[in-house]
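First the structure, in the form of structure tokens, and then the observations on it.
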Amino acid sequence: MSRLSRSIAVAALLAVLALGAGCRAAGTPEPSPNEHSSTELIESPKEFDGSEIAFAGEVIGEAMKRGDMAWLHINDDAYYVKNVEEGAQLGGYNTGMAVWLPADLADRVTYFGDYKHEGDIVEVEGVYNAACGEHGGDTDIHATSLSVVETGHVVVDKTHPAKTAWAIGLALLAVGLCVADRFWLRGVRGHRA
Amino acid sequence: MLLRPRLDDHRVIGKYTGKIIIGVGLLMVIPLVTSIIFGEWDTVLDFVISIALCMIFGFGTQILCRTDRDLNWSHGLVVASGSWVVATILGAMPHWLSGHEGSYLDAMFDVMSGYTTTGLYLLQDLDHIAHGLNMWRHLLTYAGGQGIVVIALTFLFKGTAGAYKLYVGEGKDERLLPNVVHTARAIWLVSLTWLVIGTALLAITGMALGQEPVRALLHGLWVFMGAWSTGGFAPQSYNTLWYHSLSYEVVSIVIFIAGSFNFALHWAVWTGKRKEILKNVETVSFAITLSLTVLIATFALAKAGVYPDAMSLFRKAFYQLASGHTTTGFSTIYARAFVTQWGPIGLVATTIAMAIGASACSTGGGIKGIRMGVMFKAFIQDIRKAVSPERAIVSAKFHHVRDVFLDDGLVRTTMTITIAYLSLYGLTAIVGTLCGYDFLQSAFEGVSAASNTGLSCGVTSPTMPDVMKALYIAAMWLGRLEFMSVFALGGYFVTMVRGR
């Protein structure tokens, strides 16, 4: 085996080991609570366009009020009951629907999903638009009702003791090397002078 | 005969790579402070660990690789491309520690996508990530847009002759000012001015659209970074569909089109030469090819009756095509809508726009407008030669800051890089097809990765085969650095093994 072939083989082995390390096992993701999930609505726009549907999921981000109306974003993905920060297993991208509804209905939402919150799970009823004429061709649901199925909650931002120990240890090593570099540099310069 | 690099060569490369990685570590202080402000303590630890690792690498190489030698051309190319790899490996640490990535490869994919201003991502549950991590995602793309070497040149380097070689190695060759460090600072002056104005405009628009002031400011900053760097990352999984607003779309379009322009053009306008916008070959080329691709997509969408009225039709077509052509990757439609609503002609039009891409020496990717202009002029020149008398001298020129005459060397270089891009596009499309995806969708996604665009039709996902993830990482890297410095890095490793 030539030196080049050996080097390529070693590099490939190291690459496989490096990439294989750190793989997180995928569990069974939480299925969508809807008869027709957001994925189905996006995959078959013509089939559902203009139809009355019920759509449930976690409200995320914020309510953006525009006069008497508001925009909500409702996710029916693998994280609508429990998100990754709470320990949910990875289950792919977020998916959901934008919902246009009266602002007073949006006021019923207490928690919006983000890093520190699991949002309220709500169910809305309304008309699905694959390309809404009123909203510049956006895919949305114009809802006329909203009910809170389950109120969300605050997610505790836990720090792991092992991570803290690693952070302290590595930070000390980094500071040590920085000081050594500065000290060494000064020593060399002093010596040259 | 190949000459094996000597110890002093390794030292020079190690020293400068270390400096750039220290720069990456310093950059992480911004998301660290963001997490401290918002009390995201677990994320704070992620960034402390990551900063420490960057500093250990950076100062470790400074200690091990002491040398007074300056960089030569091959060193500059190897440092530029090699530092992007090391910066990707270490920059992926906060992503991986967050628990939102399926593997370290996925984390590296996202970071390379950020640095190269691509915008494809594999991070899962984006809607629940910390502000600190979101800041890091967008900062990656903003810093990558200017170039991580440019950052290091600006803050960490003294004006050595070798600095210019690093700068060129990162895919930039415009010298705005005689000194390359001053050029790097000029790029930052332009970018930071746009940052302040663009963020303010987006934040004010966000508040008018119903966002709370703090969220409006954060979204404004992040969307600005995604737009100006032509990166395409957005703070929510809905991308710019989140805002449901024509005004937000208009502001973001202005920013990402400006971001896609050559820094030399920005500098010309900055120094008072405003007519350059109308005369420059890249802006002319961009206007023509964007109009053509928008026309094709609009025609196809109108024929299919996807959108209910002309305004919606034009708004959607123009936004996606402008985003694709500038290699930004912002989208106001769902990724799968490219397949389920836009259909084959819409996919092809968008693929062509992405393949052509933005301007040279900008934050964007793709073949670039200047190369399209040069090839078109060379084609016309050849036709004129064919119909002119044999002894006639037919010259051609184009305008890019100044008038430039076409010569065979320039045309050959242009063709070489264009063929390299086309080969890379072809390779990603073929591998995608071999992995079981539809050819058109594979071509769309492969071109999106290699041209550093970031629009997706649904092929890119955490469940995508690892071979495609690795190929896309390489394609993003090659596309961003425009091949030569990556080839130089490959050559460096070959000479290490086979040289004498």
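Values computed for the structure shown
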{"item": "Count of region B:465-500 residues which are away from every other protein chain (no Cβ under 11 Å) and either under 16 Å from residue B:115 (Cα atoms) or touching a Gly at 6+ places or on another chain (Cβ under 9 Å) (or both)", "result": "20"}
{"item": "Test for residue B:332: is it within 30 Å of residue B:484 (Cα to Cα), of a type in the set (S, T, N, Q) and out of contact with any Pro (no Cβ under 6 Å at 6 or more places or on another chain)", "result": "no"}
{"item": "Candidates B:23, B:58, filtered to the one that is assigned to a helix (DSSP H, G or I), buried (at least 21 other Cβ atoms within 10 Å of the Cβ), within 11 Å of chain A (Cβ to nearest Cβ) and touching a residue at least 12 places away in the same chain (Cβ under 8 Å)", "result": "B:58"}
{"item": "Segments classed as helices (runs of 4 or more DSSP H), wholly inside region B:109-171, with at least 1 members that are modelled with pLDDT under 70 and under 13 Å from the mean Cα position of the chain (by Cα)", "result": "B:148-155"}
{"item": "Any hit, region B:313-324, residues being part of a loop (DSSP other than H, G, I, E, B) and within 14 Å of chain A (Cβ to nearest Cβ)", "result": "no"}
{"item": "Single residue of A:129, A:94 found to be in contact with a strand residue (DSSP E or B) (Cβ under 6 Å, 6 or more places away or on another chain), without any contact (Cβ under 8 Å) to a residue 40 or more places away in the chain, closer than 30 Å to residue B:463 by Cβ and within 13 Å of another protein chain (Cβ to nearest Cβ)", "result": "A:94"}
{"item": "Among residues of region B:396-413, those that are in contact with a helix residue (DSSP H, G or I) (Cβ under 8 Å, 6 or more places away or on another chain), assigned to a loop (DSSP other than H, G, I, E, B) and either at pLDDT 85 or above or of a type in the set (Phe, Trp, Tyr) (or both), counted", "result": "2"}
{"item": "Complete set of residues in region B:368-418 that are free of Cβ contacts under 8 Å to residues at least 12 places away in the same chain and β-branched (Val, Ile, Thr)", "result": "B:383, B:387, B:393, B:404, B:413, B:416"}
{"item": "All positions within region A:73-96 that are among the small types (Gly, Ala, Ser) and part of a loop (DSSP other than H, G, I, E, B)", "result": "A:78, A:87, A:88, A:91, A:92"}
{"item": "Close pairs from region B:289-309: first in contact (Cβ under 8 Å) with a residue 60 or more places away in the chain, partner assigned to a helix (DSSP H, G or I), Cβ under 6 Å, at least 6 apart", "result": "B:289/B:356; B:290/B:325; B:293/B:321; B:293/B:349; B:293/B:352; B:293/B:353"}
{"item": "Residues located in region B:88-102, provided they are part of a helix (DSSP H, G or I) and within 8 Å of chain A (Cβ to nearest Cβ)", "result": "B:96, B:97"}
{"item": "Residue match in region B:469-483 (condition: of a type in the set (Phe, Trp, Tyr), in a helix (DSSP H, G or I) and closer than 30 Å to residue B:257 by Cβ)", "result": "yes"}
{"item": "Within region A:138-166, considering residues that are free of Cβ contacts under 8 Å to residues at least 24 places away in the same chain and within 25 Å of the chain's Cα centre (by Cα), the one nearest to residue A:110 (Cα to Cα)", "result": "A:156"}
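Conditions (1) within 21 Å of residue B:473 (Cα to Cα); (2) modelled with pLDDT under 95, marked per residue:
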position: B:12; (1), (2): no, yes
position: B:24; (1), (2): yes, yes
position: B:32; (1), (2): no, no
position: B:46; (1), (2): no, no
position: B:49; (1), (2): no, no
position: B:56; (1), (2): no, no
position: B:76; (1), (2): no, yes
position: B:100; (1), (2): yes, no
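The values are calculated or read from the model by the stated rules, or taken from the named source; none is laboratory data. This structure is a prediction, so every number in the text was calculated from the model and none was measured. So basically every Cβ, Gly included, is an ideal-geometry build from the backbone, and we count neighbours across all protein chains shown.
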